[in-house]
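Student: Sharing a structure with you now.
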C-alpha cells in the first residue's frame, strides 16, 4: 500500500475515534447533568437552620424585593419553658437572656414542593404546599412537636414530647416506623399536655447516613442518646447518660456530636459510638452553630453577664472571641454577621480578609439571622429586613401582620419563609 493510502487510512481512523470519543464524552456530560444534585437548580432547607452545623447559610440568591405569597396561622405556640426571670438580684442585672428558648415559633424545613413544621399547639407535624400554603397532610403525635422535622431520602423525621421519634413518608405523611427513646413509657402533666418523662426535644440530626436524637428532661433521671439507621430504624447504639438535660437542636462538627443543655454547658459525644468526650465549659444556651472552620458559637453558661453574649470557641475548646450584646449570629466565608450595640455588623475573622467585607449599619435588634449568597436576612419584632452582604445596604424590608417577633427564617426555591412568635408562617416570593 502506498504511503498516501496509509496516511489516509490513519487519518480516517483518527477521525472515527475522535467522533466516537466526542459522542462518549457528550453522553458522560449528559449523564453528569442528570446526576447533579437538585440543590444546583432549587435548594432545599431540609433541617433546622439548614444543615448539621445549624449554620443558617444558603447558597441561593434571592431576587429582591419580595412580595407576600401566603400566610398560615398555626395557633399560638405552647413553649416548653417559661421565659427568664425579670432580674438577677445577686448579680444586679436585669433583662436576662433566655437560655432555653428553643421553640418560640414554628420553624420550617423545606424539601421539594413541601414546607414542614412541627406544632406545640395541636401536637402534630404539618406539610404545606410550598406554592400555595395549602395543607397537604398532617400527622398527629400524642404530645407537642417542638422542632421541625428533618427531611432525608424521602422521609420526615420528627421528635415529640410523647417520647417518640417518628419516621414519616415525606410526601404522604404516613407512618413508616417510630422509636421510643427510653425503655419506659411514663407520662407526666406539663403545659396542658401529658408528656413523656423523656421527651424528644432535640431536632433530629443526620450525619453520614446516621440518624441521631435524644430523649431527656431532667438531670435526676437518666437521658438517652440514640443513633439509628434512617431507612429502617435499626439502632446503632442507645447510650444512657446521667445528670444532663438535653434540649435544643443537636449539631455536629467534623467528627463530634454537640448536644446543647440550655442552663448547662453543651456536651460532646463521639459520633461513631456516642461515648462522652467532654463539655464546652464556658458555653451554654440553646443557640449553637458550628462554623465552616469547625469553630463553635454559643451563648454563655449563665445569665450573670449584664448584656447578652455569644462566644466563639476554637476546635480545641478555647474561647477566642466574645460578641457582646448579641443573641444570634451567622458565620460564612470567614465573615461573622452579628448585631451589637444597635447595629448589624459584618466582621472579617480571618487575617487575609479585605476590609471591604466589613461594615456596620443601624438595624432593629434581631431574633434571627440567616444568610443567602447575596443578602443577610434579619428577623425582628414585627418585621424582616434584608441587607447586602457586600456593603450592608438595605435591599428590602417588610412588616409582619400581627406584630409577632420573627424567630424563624428559611430559604428555598427563591422563596423566603418567616415564622413568628404568634404561630404564623409567612411565605414571600419575588
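The values are calculated or read from the model by the stated rules, or taken from the named source; none is laboratory data. Note that the structure is predicted; figures quoted are calculated from it, not measured. So basically every Cβ, Gly included, is an ideal-geometry build from the backbone, and we count neighbours across all protein chains shown.
Student: Please tell me if residue 312 is in a strand (DSSP E or B), more than 23 Å from residue 226 (Cα to Cα) and touching a strand residue (DSSP E or B) at 6+ places or on another chain (Cβ under 8 Å).
Tutor: So residue 312 fits the description; yes.
Student: For residue 230, are the conditions met, namely being within 17 Å of residue 203 (Cα to Cα), touching a strand residue (DSSP E or B) at 6+ places or on another chain (Cβ under 9 Å), surrounded by 16 or more Cβ atoms within 10 Å (Cβ to Cβ) and at pLDDT below 95? Full working, then the answer.
Tutor: Working: within 17 Å of residue 203 (Cα to Cα): yes; touching a strand residue (DSSP E or B) at 6+ places or on another chain (Cβ under 9 Å): yes; surrounded by 16 or more Cβ atoms within 10 Å (Cβ to Cβ): yes; at pLDDT below 95: no.
No; evaluated as a whole, the condition is false for this residue.
Student: Follow-up. Looking only at residues that are part of a loop (DSSP other than H, G, I, E, B) and modelled with pLDDT under 50 in the stretch 29-68, which one is nearest to residue 411 (Cα to Cα)?
Tutor: 41
Student: While we're here: Given the criteria at pLDDT below 85, surrounded by fewer than 18 Cβ atoms within 10 Å (Cβ to Cβ) and either under 20 Å from residue 55 (Cβ atoms) or assigned by TED's automatic domain parsing to the domain that holds residue 409 (or both), does residue 348 qualify?
Tutor: No, not satisfied.
Student: Next question, about the same structure. Based on this model, can you work out whether residue 289 counts as buried (at least 23 other Cβ atoms within 10 Å of the Cβ) and either in a strand (DSSP E or B) or in contact with a helix residue (DSSP H, G or I) (Cβ under 7 Å, 6 or more places away or on another chain) (or both)?
Tutor: Against the criterion (buried (at least 23 other Cβ atoms within 10 Å of the Cβ) and either in a strand (DSSP E or B) or in contact with a helix residue (DSSP H, G or I) (Cβ under 7 Å, 6 or more places away or on another chain) (or both)), residue 289 qualifies.
Student: With the condition kept exactly as written, say whether any residue in the stretch 320-338 is modelled with pLDDT of 90 or more, in a strand (DSSP E or B), in contact with a helix residue (DSSP H, G or I) (Cβ under 7 Å, 6 or more places away or on another chain) and in the same structural domain as residue 385 (by TED's automatic domain parsing).
Tutor: Yes, some residue in the stretch 320-338 is modelled with pLDDT of 90 or more, in a strand (DSSP E or B), in contact with a helix residue (DSSP H, G or I) (Cβ under 7 Å, 6 or more places away or on another chain) and in the same structural domain as residue 385 (by TED's automatic domain parsing).
Student: Next up: Within the stretch 201-236, which residues are free of Cβ contacts under 8 Å to residues at least 40 places away in the same chain, under 17 Å from residue 184 (Cα atoms) and part of a strand (DSSP E or B)?
Tutor: The one that is free of Cβ contacts under 8 Å to residues at least 40 places away in the same chain, under 17 Å from residue 184 (Cα atoms) and part of a strand (DSSP E or B): 223.
Student: Limited to the stretch 47-71, what total is found for residues that are within 21 Å of the chain's Cα centre (by Cα) and touching a residue at least 12 places away in the same chain (Cβ under 8 Å)? Spell out how you get there, then give the answer.
Tutor: Taking the stretch 47-71 as the starting set, the residues that turn out to be within 21 Å of the chain's Cα centre (by Cα) are 47-62.
After this cut, where a residue has to be touching a residue at least 12 places away in the same chain (Cβ under 8 Å) as well, the list is 47-50, 52-62.
Qualifying residue count, the stretch 47-71: 15.
Student: Quick one: which of 363, 322, 393 is buried (at least 16 other Cβ atoms within 10 Å of the Cβ) and over 21 Å from the mean Cα position of the chain (by Cα)? It would help to see each step written out before you state the result.
Tutor: Working: 322 fails: buried (at least 16 other Cβ atoms within 10 Å of the Cβ); 393 fails: buried (at least 16 other Cβ atoms within 10 Å of the Cβ).
Just one listed residue meets the conditions, 363.
Student: Exactly one condition in (1) in a strand (DSSP E or B); (2) under 18 Å from residue 228 (Cβ atoms); (3) free of Cβ contacts under 8 Å to residues at least 12 places away in the same chain is not met by residue 183; state its number.
Tutor: (1)
Student: Tell me which residues, restricted to the stretch 236-256, are over 12 Å from residue 289 (Cα atoms) and surrounded by 24 or more Cβ atoms within 10 Å (Cβ to Cβ). Quick ask: steps written out before the conclusion?
Tutor: So the first thing to find is which residues in the stretch 236-256 are over 12 Å from residue 289 (Cα atoms), and the list is 236-247, 254-256.
Once the filter is applied, which keeps residues that are over 12 Å from residue 289 (Cα atoms) and surrounded by 24 or more Cβ atoms within 10 Å (Cβ to Cβ), the stretch 236-256 yields 246, 247.
Student: When residues of the stretch 328-345 are filtered for being crowded, with 18+ Cβ neighbours inside 10 Å and under 18 Å from residue 296 (Cα atoms), how many remain? So that I can check it myself, show each step before the final result.
Tutor: In the first step, residues of the stretch 328-345 are kept if they are crowded, with 18+ Cβ neighbours inside 10 Å; the result is 328-332, 335-340, 344-345.
Imposing the further condition that a residue be under 18 Å from residue 296 (Cα atoms) reduces the set to 328-332, 335-339.
Final tally of qualifying residues: 10.
Student: Moving on to the next point. Any idea which of 183, 204 is closer than 27 Å to residue 53 by Cβ, assigned by TED's automatic domain parsing to the domain that holds residue 81 and out of contact with any helix residue (DSSP H, G or I) (no Cβ under 6 Å at 6 or more places or on another chain)?
Tutor: Values: 183 fails: closer than 27 Å to residue 53 by Cβ.
Being closer than 27 Å to residue 53 by Cβ, assigned by TED's automatic domain parsing to the domain that holds residue 81 and out of contact with any helix residue (DSSP H, G or I) (no Cβ under 6 Å at 6 or more places or on another chain) holds for just one of 183, 204, which is 204.
Student: Output the residues belonging to the stretch 142-180 that are surrounded by fewer than 17 Cβ atoms within 10 Å (Cβ to Cβ), at negative phi and assigned to a loop (DSSP other than H, G, I, E, B).
Tutor: If the condition is that a residue be surrounded by fewer than 17 Cβ atoms within 10 Å (Cβ to Cβ), at negative phi and assigned to a loop (DSSP other than H, G, I, E, B), then 142, 171, 172, 174 are the ones that fit.
Student: On to the next question. Please state which of the following conditions residue 188 fails to meet, knowing it meets all the rest: (1) in a strand (DSSP E or B); (2) over 14 Å from residue 118 (Cβ atoms); (3) modelled with pLDDT of 95 or more.
Tutor: Residue 188 satisfies every listed condition except (3).
Student: State all residues of the stretch 100-121 that are touching a strand residue (DSSP E or B) at 6+ places or on another chain (Cβ under 6 Å), without any contact (Cβ under 8 Å) to a residue 60 or more places away in the chain and either under 22 Å from residue 216 (Cβ atoms) or assigned to a loop (DSSP other than H, G, I, E, B) (or both); if no residue qualifies, say none.
Tutor: First, the residues of the stretch 100-121 that are touching a strand residue (DSSP E or B) at 6+ places or on another chain (Cβ under 6 Å): 100, 102, 104-111, 114-118.
Next cut, without any contact (Cβ under 8 Å) to a residue 60 or more places away in the chain only: 114, 116, 118.
Within the stretch 100-121, just 118 meets the criteria.
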